[in-house]
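Structure, as structure tokens:
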Amino acid sequence: GQQVMQIPQYQHVQEGEDFTTYCNSSTTLSNIQWYKQRPGGHPVFLIQLVKSGEVKKQKRLTFQFGEAKKNSSLHITATQTTDVGTYFCAGSFGNEKLTFGTGTRLTIIP
Amino acid sequence: DVKVTQSSRYLVKRTGEKVFLECVQDMDHENMFWYRQDPGLGLRLIYFSYDVKMKEKGDIPEGYSVSREKKERFSLILESASTNQTSMYLCASTILLANTEAFFGQGTRLTVV
């Protein structure tokens, strides 16, 4: 089946540093979604990107969808302890169900 | 406040037992999904359902079955639990099959001993 690759698997950053996680697909995606899972919690929807080259911001979070709609990134500026958790991307191929990436687990060193 | 509710937060079962994990959503969503989450492997789809009594295999259906007798309820069944089915199980629902937000339940941590 179709796959969405996500890197890195783990990231440890000092509080205040920036953080980026990347998703890649070998096939064009119809959209990309991002979810956050806090420790002990469940994935919660953050955002959906649909258009080629789209960029969206939510406070310190910046989401990008590549021009070819095969890659995406989530960038957090000046991380805070509240950012800890696992970030998942999830893509749809045409009208098929979501395919989740493997996730990036972010830990913050105070 | 929309909700997906899983019947148990933690379960401990013995090898060979038949295990039922229940999921209920109150959003009148057509589509429901069962995933298992393991460290380093992300969310892997076990089964999904796009309508009452309809089901489709996901990426890892072996050892599992599902039931959807009512629109709001989707059950995951482990016919004979094995230790390699120890995992976090997450249920989700969506209004459309693709391109819409997935709402997740709180998860069930299943341990098979």
### Summary
Each label sits 7 Å from Cα toward the beta-carbon; between A:SER30 and B:LYS13 the label points are separated, in nm, by 3.4
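Carbon and sulfur: what percent of segment B:1-53's accessible surface (1.4 Å probe)? Mind showing how you got there, number by number?
Working: 1380 of 2780 Å².
Of the solvent-accessible surface of segment B:1-53, carbon and sulfur hold 50 percent.
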### Query
By how many nm would the segment from A:THR62 to A:GLN2 grow when fully extended, if each residue of separation counts as 0.36 nm and the alpha-carbon distance is taken off?
19.0 nm
## Note on the structure
Given unit charges at Cβ for Lys, Arg (+) and Asp, Glu (-), the dipole magnitude of chain B about its Cα centre in debye, nearest 20, is 380
### Query
Percent relative contact order of chain B, based on C-alpha pairs within less than 8 angstrom and at least six residues apart?
36
### Message
I need the Kirkwood Rh of the protein assembly as shown: take the reciprocal of the average 1/r across all distinct C-alpha pairs and report it in angstrom.
### Response
17.9
#### Entry: Ranked order, A:GLU54, B:GLU79 - accessible area, probe 1.4 Å, largest first
B:GLU79, A:GLU54
### Query
Hey, what does the equivalent ellipsoid look like for chain A, semi-axes from the Cα gyration tensor as sqrt of 5 times each eigenvalue, largest first, whole Å?
23, 14, 11
### Message
As a test question: what accessible area, to the nearest 10 Å², does A:LEU98 have when a 1.4 Å probe is rolled over all protein chains in place?
### Response
20
### Query
By a straight-distance test (C-alpha under 28 Å), which lysines pair with A:LYS97 as possible cross-link partners, with residues fewer than eight away in the same chain excluded?
A:LYS36, A:LYS51, A:LYS56, A:LYS57, A:LYS69, A:LYS70, B:LYS3, B:LYS53, B:LYS55, B:LYS57, B:LYS70, B:LYS71
### Query
Based on the Cβ-Cβ distance from B:THR86 to B:MET27, what FRET efficiency comes out when R0 is 35 Å, to the nearest 0.05?
0.70
#### Entry: Exposure of A:MET5 as accessible area (Å², to 10), given a probe of 1.4 Å and all protein chains
110
### Query
Taking 0.36 nm per residue of separation and subtracting the Cα-Cα distance, what length does fully extending A:ASP18 through A:VAL44 add?
7.2 nm
### Summary
Given backbone amide H placed at 1.01 Å from N, residues whose amide H is under 5 Å from that of B:TYR47, ignoring those fewer than 5 places away on the same chain, are B:TRP34, B:GLY58
### Message
What distance in nm lies between label points placed 7 Å from Cα along the C-beta direction at B:GLU62 and B:THR111?
### Response
2.7
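The values are calculated or read from the model by the stated rules, or taken from the named source; none is laboratory data. Note that the coordinates shown come from a computational prediction; the quantities given were computed from them, not determined experimentally. Positions of Cβ are backbone-derived with ideal geometry, glycine not excepted, and every protein chain shown enters the neighbour counts. All accessible areas refer to the heavy atoms of the entire protein, side chains included, with ligands and DNA or RNA removed. Shrake-Rupley method; radii C 1.70, N 1.55, O 1.52, S 1.80 Å.
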